[in-house]
Amino acid sequence: MGRIILEQVTKSFGDVNVIPPLDLEIEDGEFVVFVGPSGCGKSTLLRLIAGLEDVSSGQISIDGRAATELPPAKRGLAMVFQSYALYPHMSVRKNISFPLKMAGLDQAEQNKRVEAAAKVLNLTDYLDRRPGQLSGGQRQRVAIGRAIVREPAAFLFDEPLSNLDAALRVNMRLEISELHNSLETTMIYVTHDQVEAMTMADKIVVLRAGHIEQVGTPLDLYRNPRNLFVAGFIGSPKMNFIEGAEAAKHNAATIGIRPEHLSISKSEGQWKGTVGVSEHLGSDTFLHVHAKDLTSEPITVRSDGEVDIHHGDTVFLSPQDDKIHRFDKEGLRIS
Amino acid sequence: MARAVTPARKATVTVFAWGVGLLIFFPILWTILTSFKTEAEAIASPPSFVGFDWTLENYSTVMERSNYFLHFLNSVVISVGSTLIGLLVAIPAAWSMAFVPGKRTKDVLMWMLSTKMLPPVGVLIPIYLIFRDTGLLDTRTGLVIVLTLINLPIIVWMLYTYFKEIPVDILEAARMDGASLRAEIIYVLTPMAVPGIASTLLLNIILAWNEAFWTLNLTAANAAPLTAFIASYSSPEGLFYAKLSAASTMAIAPILIMGWFSQKQLVRGLTFGAVK
Amino acid sequence: MATQHSKSAARFMISPAVLLLLGWMLIPLSLTLYFSFLRYNLLMPGTEEWAGFLNYRFFLTDPAFFDAIWNTLLLVGGVLVITIVGGVLLALLLDQPFWGQGIVRILVIAPFFVMPTVSALVWKNMFMNPVNGLFAFLAKAVGLEPFDFLAHAPLSSIILIVAWGWLPFATLILLTALQSLDSEQLEAAEMDGASWLSRFFYIMLPHLSRAITVVILIQTIFLLSVFAEILVTTNGGPGTATTNLTFLVYAQSLLQFDVGAGSAGGVVAIILANIVAIFLMRMIGKNLDA
C-alpha cells in the first residue's frame, strides 16, 4: 500500500512562499519522479511528505489516513538521503537493523530481515564493516537496505545518485528500477536530472518555483509538453525554439522542434545555416547549426554517428512537420 | 608542502626550544623533585637535583597528618559531579540550538556566555548568605551546585560547536527510521558526538578541579577540595617545603595527565570556538 | 528548518539550562544590588536599614578602592603584556620543526593545569623566599644580596606567578592560529622579496591579530577575578599593595563583615567586567555568523 494524496498543500519559510497551493495524487505502487531545476521546491515537497517539515496549510493523507500532523516516525515511510545519512558509528548490520530495533522487533526477526535485505543488495560480505570502509555505491545500497527492511508504505529518494560517478549512477539507476519492479511499492524520487526522470519514472512531476508545471508519463511529457518550460526541460539535447517570422508561419509565438526531429542535408531543405561545433558521440552526432535568419541561438540537430559534415559547411535543415510544437505568447501549448 | 630544513638549523631550534620548554616546566619539575627529598635537603644550599636520598616519607606524612584522602575525594566528587550534571543539562540544550536553530538561538547562546563573564565577587555575598542559611556552606552538594552553574555555559558552548559538525541528515534519517527524540539522542547523536563530549568532560573536570575562588570561600574542613587544602600550607610552621611539594604533586598530577590528553580541545573549548 | 514537533521539543530541552542560568544570574545579582543599598553588617544582624548611595560613597571614596583599581589594572595589564609577547615568541619557536616537538609542547602547556593555590605557594616558598628560595640561592651564588620579592615587589611577584600560569594558554592559542596560516601566503611573500621581519609584521601578525584579541579578552575576564594567588601569598598586603578589586570586596564583606559596602564593590566589579564582556561577545558573536 502507498497511496499518497496532497490537497492544497502550501509551505512558506517566514515571508518566502516556497510551495503555493498544490494538489497531487500518487497511486499505490507508482514510481513518481519530482524533477525541476534547483530551488524549484522539489526537495521541500519531499520533506513535507516525509514529515521532516510541517506544511503551512493543506492536508496530506497516506493510504486514506490523515498524516498532516504525524511525526516522520509514524508515517510509515522510508527515505534515502542524498548524503546517504548512514550512522557512522554502527556496522552495516546495525545500520540496516536500526529501524527494526526502533520498531521493537526481536533479535531473530531483525537478523532474518537484515540477511534478506543484504542478499538482495549484495551486501552480505560487508555486514560487519563500518560505513566509512565502504565505497560510494555500497553506501548507497546500505541506505536502500535500511529503507527496505521497514517494509514502508512508500520510499522517498532525495537525489540519491548525485554523489556517485557517472558509470555507477547508471548502474544504481537500473538497480533502483529493478527494486521497484520486484517490490511494487510506491517510490517518490527527487532529482534535477531529467535523464533519471525519463528512464525511471512511471509518472513525472515537473516543478518550477513550487508550481507543478505538468504531470504525466515520460512519453506524455516528451510528446505533449504543456508549455515552454516543460518542453525545454524534458528531452536531451534540449528542444530548439524559434520565434518571429518562422513561428508566425505556424500561427504561433514560438515553435519548438527537437534535435532528433530535424533532418540535415548538404543540398536542399527548408532552413539554411552554417555548421558550428559538432559533437561526435559515436552513435550520434550533435551538430550546432547557425541559422541567423531564424534565431540567434544555434540550432541543435541530431544526426548519424558518421555523418560527413564539418565545421563551416553550409547545410539545410528540414523539420518533420508533425513534430513541430507550437506555443502562444504566454508560452502555453497550442494544440 | 614544508621545505626541508637543514640539520644544523633544526639542531639549533631543538636546543633552544627544549631550553625554553624546560625553563617553563621547571617549577613543576622542582616541586616533584623536592617532594622526594627530606625537609633538610629541600632547603639545602647548594640545592641538589638528583643526588639526594630519595624518600617517600613526605607522601606518607601528608597522608597521615592531614585528611588528604578526604580532600582528594572532595575534589573528585566536586569536579566530576558538577561536570556530569552539567552535561546532563547541556546535551539537550546544545541539541536544541545546533539542530533546531530559531531566530533567537544566537541570542540565547550569547546570553549564556555573558553569565560566564559575571565576576564571581559580584555574587559572592548573596551566595554565601544563601548557603549559610540553607546549610550548604562547606558541603560537597553546595560546591557541586555552584561549579555546575559557573561551568554550564562553557559546556553548552563546547557541545554546541561539536554538534554543529554533525550533519542534520543523519538525525533526520533516524527520525524517518522511527526513532523517538529520546532514541535519536541516545542511539545516534550521543555516540556520534562521543569525541566531543569526552573532551568537554575532560576540560570541565580540569576547570572545576582547579577552581579556587568558590572552593576557598565556601568551604572549611569538611568539603574542602585540594585547592583549599593546599591553601592551608600558606601559614605553615617549621620546615615544610618537602611536604608542601608532596601535597602539591599529588594535587596536580591527575589533572596534569588529563590536561595533556585534552590539550587539542583546550583551545577550542576555552575560546568558545573562536579559534580552532 | 524543522517541524512544530521538533520546535516544541527543542524549547522543552533547552529550558532546564536556561532556567538554571537565569536563576543563577538574576537571584544573586538582584540580591547584591539590594544589599548595596542597605546598611548591613553580619556582626550586627537585624539592624539592616536603607542606606541609599551611602555604601557606594563609602566604597568609592575609600583610598583602598583607588589602590585596588590601580592594582587590578596593573595586574591585568602586566599579565597580558607578558603572556602576549611571550606567547607570540613561543608560538613562533614551537612552530619550527625540531626534535621532540610533542614533548616540548607538553612541557610548555603544563603550568596551565596547575591549580592557583599550588602555583602561588610553590613560587612563594620555593622560589621567592628570601632565605631558602631558589632565587635567593642564585643571587648569593653570583654575590648579590637576596631579594625579598613578596615584601619589596609584591605586585610584580604576583604578576609573575599569574603570568606563568597563563603563558601556556596564550601560547597554545597563538600556536593554533599560526598553524592555520596558509604556508603558500608566506612563500608568495618570500617570492616577492619580503624579509623575515616584514613577513612577520605584514603577514603573520595580521593573521594572529584575531587570536590575540581573543586571548586578551578571555584572559581579561579571568584576570579581573584573580583571587587565590593573592590570598595565599600576600593576603592583599603589604598594606593594600596587592589588593585588587576582587580581593577588596572579599575583605570588605567576609573579613570586615560589611555586606553593604562589599555589595557596592561587587556592583562596581560587575560594571567593569561588563565593559570587557561587551567587546568579547561582539568578537564571538561575529564568529557565530561565519
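Laboratory data are not the source of any read-out in this text; all were calculated from the coordinates shown. Since this is a predicted model, take the numbers as computed values, not measurements. Backbone-built Cβ (ideal geometry, glycine too); neighbour counts: all protein chains shown.
A compact table of results
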quantity: Among B:THR61, B:THR215, B:THR249: highest mean-square fluctuation, GNM of chain B, C-alpha pairs under 10 Å; calculated: B:THR61
quantity: Rounded D (µm²/s) - the protein assembly as shown, Kirkwood Rh over Cα pairs, Stokes-Einstein at 25 °C, 0.890 mPa s; calculated: 74
quantity: Sum of -39500 (n - 2.57) over DSSP H runs of 4+, divided by residues of chain C (222 nm, nearest 500); calculated: -22500 deg cm²/dmol
quantity: Rounded if a/c under 1.5, otherwise prolate or oblate - region A:240-327, Cα gyration tensor axes; calculated: prolate
quantity: Angle in degrees between helix B:194-210 and the longest Cα principal axis of chain B, rounded to the nearest 10; calculated: 40
quantity: Cα-based convex hull volume of chain A per residue, rounded to whole Å³; calculated: 158
quantity: Across A:LYS74/B:LYS103; A:LYS203/A:LYS329; B:LYS106/C:LYS286; A:LYS249/A:LYS329; A:LYS42/B:LYS164; B:LYS164/C:LYS7, pairs whose alpha-carbon gap is larger than 19 Å; calculated: A:LYS74/B:LYS103; A:LYS203/A:LYS329; A:LYS42/B:LYS164
quantity: Mean ellipticity per residue at 222 nm, deg cm²/dmol - from DSSP H runs of n ≥ 4 across chain A, formula -39500 (n - 2.57); calculated: -8000 deg cm²/dmol
quantity: In region A:237-323, trypsin sites (Lys or Arg not before Pro) in a DSSP loop with at most 16 other beta-carbon atoms within 10 Å; calculated: A:LYS238, A:LYS266, A:LYS292
quantity: Relative packing of peptides B:47-55, A:66-74 - highest average C-beta neighbours within 10 Å first; calculated: A:66-74, B:47-55
quantity: Shielding by other protein chains, C:96-106, mean Cβ within 10 Å; calculated: 6
quantity: Gap separating the Cα centres of region B:164-243 and region A:187-245, nearest whole Å; calculated: 57
quantity: Crossing angle, helix A:136-148 versus chain A [Cα axis fit, 0-90 degrees, rounded to tens]; calculated: 60
quantity: Most fluctuating residue given options C:ALA163, C:ALA151, C:ALA194, as computed from a GNM of chain C linking Cα atoms under 10 Å; calculated: C:ALA194
quantity: Inter-chain shielding of B:166-172 (mean C-beta neighbours from other protein chains, 10 Å cut-off); calculated: 6
quantity: Eligible lysines near B:LYS37 by straight Cα distance, threshold 26 Å, same-chain separation 8 or greater; calculated: B:LYS243, C:LYS124, C:LYS140
quantity: GluC sites (Glu not before Pro) lying in DSSP loop within region B:175-276, provided at most 15 other Cβ fall within 10 Å; calculated: B:GLU237
quantity: Centroid-to-centroid separation of region A:1-59 and region B:44-82 [C-alpha atoms, Å]; calculated: 68
quantity: Residue of A:SER236, A:SER182, A:SER57 that the Gaussian network model of chain A assigns the largest fluctuation, springs spanning Cα pairs under 10 Å; calculated: A:SER182
quantity: Over chain A, relative contact order from alpha-carbon pairs under 8 Å, at least 6 apart, %; calculated: 17
quantity: More than 29 angstrom apart: percent of Cα pairs within region B:1-160; calculated: 56
quantity: Tilt relative to chain A, helix A:166-183 - C-alpha long axis, 0 to 90 degrees, to 10; calculated: 60
quantity: Residue-averaged beta-carbon neighbours from other chains (10 angstrom radius) around A:32-45; calculated: 0
quantity: Isotropically averaged projected area of chain B, using the convex hull of Cα atoms (one quarter of hull area), nm²; calculated: 21.5
quantity: Normalised per residue, the volume of the convex hull around the Cα set of region C:62-257 (Å³); calculated: 152
